[in-house]
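Worksheet for the structure shown next.
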Amino acid sequence: MKIIGLVGLPGSGKGEASRVARQQGLTVLVMGDVIRQEADRMGLDATDGNLGRIGSALREKEGPEAVARRVLERAVASGEDTVVVDGLRSREEADYFATHAQQFHLVEICAPAEERLRWLQTRGRPDDPGRSRAGTGRDQDEKIISSCAEPDGLAAAALEQRECREMGWGMSQAIEAASLKLINDGSLEEFRENFRRLLDILAQDCNDQ
């Protein structure tokens, strides 16, 4: 099996890269989905705070490769030759995939902080910075508590807190382990095209080895 891993800070463009990979016919597995499914199993809302606590508890209980182990099981079960894994958060996870895959390529996706905050503000996922539950029930409406026009507001603070947590899991070491880097500082279509080209290169590399 060949695995193409994506690593990057929140809002850098990993999700968009995953959409491009799916459009190219590749299977994409999102590491955060493991945590979101665990939250659902526990009957908890998929807020940033809940997901962070679950992710930390899972790694503490089962080791730093806990999420990667589950994702690899799904990758093997897919029967695909090449799988894209979105959202590595530690060097241990990168090493785990490198050890268990025939080929492993780790791609860092990076973008300016202000752009990452703006993208997260408009994405609309309940665990994104700047979004909070209005009430305690699962069906309560979400409300925006800070706008991207307020870079020093709650959203920016929430993003910083999330980055610190992920750095605590080993994100910086995972980024250092990346052999490829894709800078997302232009238009959305430019980023999509650049990632398509990178996938073509990696696919050819996989076929040649």
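Values in this text are rule-based calculations from the coordinates and carry no lab data. Values in this document were obtained by computation on a predicted structure and should not be read as measured data. Don't worry about glycine lacking a Cβ; one is built from the backbone with ideal geometry, like all the others, and counts go over all protein chains shown.
A simple spin-label model places the labels of A98 and N194 2.4 nm from each other, with each point 7 Å out along Cα-to-Cβ.
The Cα center of segment 28-47 and the Cα center of segment 91-122 differ in position by 18 Å. With coordinates expressed along the principal axes, the C-alpha atoms belonging to segment 1-64 extend over 34, 24, 22 Å, beginning with the largest.
Sorting the segments 16-22, 87-93 by their residues' average number of neighbouring beta-carbon atoms within 10 angstrom, most packed first, yields 87-93, 16-22.
Taking the Cβ of E189 as the center, what net charge do the other residues with Cβ under 11 Å away carry, scoring Lys and Arg +1 and Asp and Glu -1? With Lys, Arg at +1 and Asp, Glu at -1, the neighbours total -1.
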